[in-house]
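Worksheet: the structure to be examined is printed underneath.
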Amino acid sequence: MKQNRSVLSLEDRIELIRAEVDQVVQDRVDAIAKESPGVPRGVIRNLLIAKAPSCACEQYLMLKRQA
């Protein structure tokens, strides 16, 4: 991991983290959608992250605390 950090720019690492966070959120949306047929996934996503700031890191931390 340390070797990757020296190779990747800060911007690239941020993009990788954001993609990972987006996948965590999407996985949670998918799980809830299975239990709530008919509710649009966009609505579920908005409700999940509504209390968190727009920062992907804060959204991830909030979802982890709720798990």
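What follows is calculated from the coordinates using simple rules that are stated; it is not laboratory data. Keep in mind that this is a model prediction, so the values were computed, not measured. FYI the Cβ positions are ideal-geometry reconstructions off the backbone, even for glycines, and counts take in every protein chain you see.
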Enumeration of residues in the stretch 33-46 that are surrounded by 12 or more Cβ atoms within 10 Å (Cβ to Cβ) and over 16 Å from Y60 (Cβ atoms)
A33, S36, V39, R41, V43, I44
Go through the residues of the stretch 48-56 one by one and say whether even a single one is surrounded by fewer than 14 Cβ atoms within 10 Å (Cβ to Cβ) and assigned to a helix (DSSP H, G or I).
no
Output for Cβ contacts, cut-off 7 Å, separation at least six or different chains, first residue within 22 Å of L47 (Cα to Cα) and without any contact (Cβ under 8 Å) to a residue 60 or more places away in the chain in the stretch 11-28, second in a helix (DSSP H, G or I) and of a type in the set (S, T, N, Q), reads V21/Q59; V25/Q59
Scan L16, L63 and give me the residue that is assigned to a helix (DSSP H, G or I) and surrounded by 14 or more Cβ atoms within 10 Å (Cβ to Cβ).
L63
